[in-house]
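Since the structure comes first, as structure tokens, the remarks are kept for the end.
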Amino acid sequence: MGSDAARFANQLGIETGLYPVKHQAFITRRLPLLGKDGGALDMLIDRRHYKGFSAVYGQQLPETGQIIGCASPAFDNQEVAKDLKFNSQEFLEICSEIFTDWLPQLSAVGFQAIWAGYYTEPRYIVDPENGLLVGMRGHGFMLGQYLAKIYVDKYLGRAVPDYMDRLSLKGDGLSENAFK
Ligand SMILES: Cc1cc2nc3c(=O)[nH]c(=O)nc-3n(C[C@H](O)[C@H](O)[C@H](O)COP(=O)(O)OP(=O)(O)OC[C@H]3O[C@@H](n4cnc5c(N)ncnc54)[C@H](O)[C@@H]3O)c2cc1C
């Protein structure tokens, strides 16, 4: 159910504590390849807490040369359920500033498109007893298939990793660092 997970679970009388946090992304116009040895630019990331953001990151798509990037809010609570129709001025400014600092030649390059969507925070819930596989945050592409596998394993009574209990609705979740 994506960012609506908490709402639908609530209708079934399940309190998940999940909430949607707005994140924003951009894609530039086509560019020549800017990376090492004539290749595409690898992922660059600035993890400073700076001007209201905790990370600014992006990489170049080898097929088109476009740079695709995001900036993560430093304080989730300020972005909870925020309207996705708008991208903030702060977001556009931080992306321009950081990327132009890295690569001054980007100062003349325009955005082709900007986008906003939700991360479902603050924790995963992988709990077949309650029928919940929600709260994938910014990790769902990477971990979704594996978490789905252990969800099914648990449902079928097969062996699952010990940390599965911590991922249940009653569990404490796993800290961000556990995945790094
Ligand atoms: C900007 C951004 C960057 C990200 N980058 C990464 C990354 O680099 N690596 C990574 O691992 N993860 C990343 N993620 C996170 C990843 O996208 C999510 O964790 C993942 O998509 C969550 O999967 P999901 O299936 O739980 O929910 P979703 O992908 O949100 O899917 C939920 C689906 O349910 C549908 N739905 C909702 N309500 C109903 C209804 N009532 N009836 C029928 N259908 C309904 C929705 O339309 C949607 O298709 C990123 C997310 C964002 C926003």
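The values are calculated or read from the model by the stated rules, or taken from the named source; none is laboratory data. Computed from a predicted model, the values in this text were never measured in an experiment. Counting neighbours? That spans all protein chains shown, and the Cβs are built from the backbone with ideal geometry, glycine included.
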**OP:** Would you be able to say whether some residue in region 114-137 is more than 30 Å from Ile14 (Cβ to Cβ) and either within 14 Å of the ligand (Cβ to nearest atom) or exposed (fewer than 15 other Cβ atoms within 10 Å of the Cβ) (or both)?
**Re:** yes
Original post:
Is it the case that region 80-100 has a residue that's touching a Pro at 6+ places or on another chain (Cβ under 8 Å), in the same structural domain as Ser54 (by TED's automatic domain parsing) and closer than 22 Å to Tyr19 by Cα?
Top reply: yes
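A quick yes/no check of all residues on (1) modelled with pLDDT of 95 or more; (2) within 16 Å of the ligand (Cβ to nearest atom); (3) β-branched (Val, Ile, Thr):
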residue	(1), (2), (3)
Pro32	yes, no, no
Asp37	yes, no, no
Met43	yes, yes, no
His49	yes, no, no
Gly52	yes, no, no
Gln60	yes, yes, no
Glu63	yes, no, no
Ile67	yes, yes, yes
Cys70	yes, yes, no
**OP:** Could you please tell me which pairs satisfy a Cβ distance under 8 Å, a separation of 6+ or placement on different chains, a first residue in region 156-180 that is farther than 16 Å from Arg137 by Cα and in a helix (DSSP H, G or I), and a second residue that is modelled with pLDDT of 95 or more and of a type in the set (A, V, I, L, M)?
**Re:** Met164/Val126; Met164/Ile150
**OP:** Could you grab me the full set of residues in region 101-138 that are of a type in the set (Asp, Glu) and either in contact with a helix residue (DSSP H, G or I) (Cβ under 6 Å, 6 or more places away or on another chain) or assigned by TED's automatic domain parsing to the domain that holds Asp76 (or both)?
**Re:** Asp101, Glu121
